[in-house]
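Notes to accompany the following structure.
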Amino acid sequence: MVKKDFLCSVLMLAIGCTTLQSQSTDGWETMFNGKDLEGWTTKIHHYEVGDNYGDTFRAEDGMVKVRYDGYEGEFNDRFSHLYYDKPFSDFHLTLQYRFVGELHPGAPDYTLLNSGIMFHSQDPRTMLKEQDWPISVEMQFLAGIEEGKERPTGNMCSPGTDVVYEGKIDPRHCINSTSDTYYGDEWVTAELIVLHDSLITHIINGKTVLQYTKPQIGGGVVNGFDANLKQDGKPLKEGLIALQSEGQPIDFRSIKIKNLKGCTDPKAKNYRDYYVIDDAASCAY
């Protein structure tokens, strides 16, 4: 069950409010400890799970950095993801990102100033060595390339998945948001509010820029997967969260998450006012 006041807040954001409604700061969990990648697992295309080839993902200066100075040769489609080991179904995630440096030689042109965060993702331990992308939904991050030419960020992309947008399954792999275009190496704040397989909200610098519903397995783009796992039409209600690497250096910081599912009975010992999805079975009295 979803709290009505929370849904009202999300809907208000969608119809013109430019900032998040005030809410409790309790419940935030820091996902990155600022020192190492403990609690995270890497999967790189062409490599076994856990092989962080070339130190692609590294903890430096209190950030998760994506770099390619340890690579031999061209990029060779070494699309990579760094997975937080704890799954979530209903959550509010926030982080900051900035693009830095140059696109690694051989990376596809479309990956220039392009990255993202995957959610409701399959576990990397279920991915085959030659699987390029996880079956998941992506909040895509982009930066402007040509001054004066719009290139929104906070878009939705769907490797091996589908979503319902404006009342119907949208056949596009990516759906653009309504965000502003950000240039250079400026920090951008991205927020993602996910309610299992119901409402998904993308927020950039405090402004709601995209909403859609009913994420589910389907569509194309992902290759080299275990066919037994791609059950088209199956709702995506939970999964892992992963930072993306696809040839463009990028920094991530201030990565935090708030679990939105729990006991919503005020009489229970483990009641929290920030839970919006009821999990009655978890209540303790």
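Values quoted throughout were computed directly from the atomic coordinates according to the rules given, and no laboratory measurement underlies them. The shown structure was predicted, so the numbers you read here are calculated from the model rather than taken from an experiment. Note: ideal-geometry Cβ built from the backbone for every residue, glycine included; neighbour counts use all protein chains shown.
Per-structure values
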| read-out | value |
| --- | --- |
| Charge dipole (debye, nearest 20) of the stretch 143-285; +1 at Cβ of Lys and Arg, -1 at Cβ of Asp and Glu | 540 debye |
| Virtual spin-label span in nm between Asp109 and Glu72, 7 Å along Cα→Cβ | 3.1 nm |
| Mean separation of Cα contacts under 8 Å (6+ apart) over length of the stretch 201-255, as relative contact order % | 26 percent |
| Segment Tyr183-Ala280, length gained on full extension (0.36 nm per residue, minus Cα span) | 30.3 nm |
| The chain, dipole about Cα centre (Lys/Arg Cβ +1, Asp/Glu Cβ -1), debye to the nearest 20 | 1020 debye |
| Unit charges on C-beta of K, R, D, E only; dipole of the stretch 67-111, Debye | 220 debye |
| The chain: antiparallel DSSP beta bridges as a percent of all, rounded to 5 | 95 percent |
| The stretch 58-119: relative contact order in percent, alpha carbon pairs under 8 Å with at least 6 residues between | 35 percent |
| Label point distance in nm, Ser254-Lys234, each placed 7 Å from Cα along Cα→Cβ | 3.7 nm |
| Residue-wise HN-Hα coupling along the stretch 126-134, computed from phi with Karplus coefficients 6.51, -1.76, 1.60 (Hz; x: Gly, Pro) | 9, 8, 7, 4, 9, 7, 7, 10, x |
| Ellipticity estimate at 222 nm from DSSP helix runs (n ≥ 4, -39,500 (n - 2.57)) divided over the chain, nearest 500 | -1000 deg cm²/dmol |
| Fewest-first ranking of Asp85, Asp278, Asp251, Asp26, using other Cβ atoms within 10 Å as the exposure measure | Asp26, Asp85, Asp278, Asp251 |
| Reach of Lys267 by Cα under 20 Å, taken over aspartates and glutamates that are not fewer than 8 positions away in the same chain | Asp5, Asp26, Asp278, Asp279 |
| Phi-based couplings in Hz for the stretch 214-222 (Karplus 6.51, -1.76, 1.60; Gly and Pro marked x) | 6, x, 7, 5, x, x, x, 6, 5 |
| Convex hull of Cα atoms in the stretch 132-285, direction-averaged projection (nm²) | 11.3 nm² |
| Projected area, mean over directions - the chain, Cα convex hull, nm² | 15.1 nm² |
| 0 to 90° range, to nearest 10: angle between helix 4-14 axis and the chain longest Cα axis | 40 degrees |
| Among Pro134, Phe57, Gly73 the positive-end extreme of the charge dipole of the chain (Cβ point charges) | Pro134 |
| Selection from Leu243, Ser282, Ile255 lying farthest towards where the dipole of the stretch 229-285 points positive, charges on Cβ | Ser282 |
| Alpha-carbon centroid distance for the pair the stretch 25-66 / the stretch 210-267, whole angstrom | 17 Å |
| Residues of type lysines that Lys149 reaches as a straight line, Cα spacing below 29 Å, ignoring anything fewer than 8 places off in the same chain | Lys65, Lys207 |
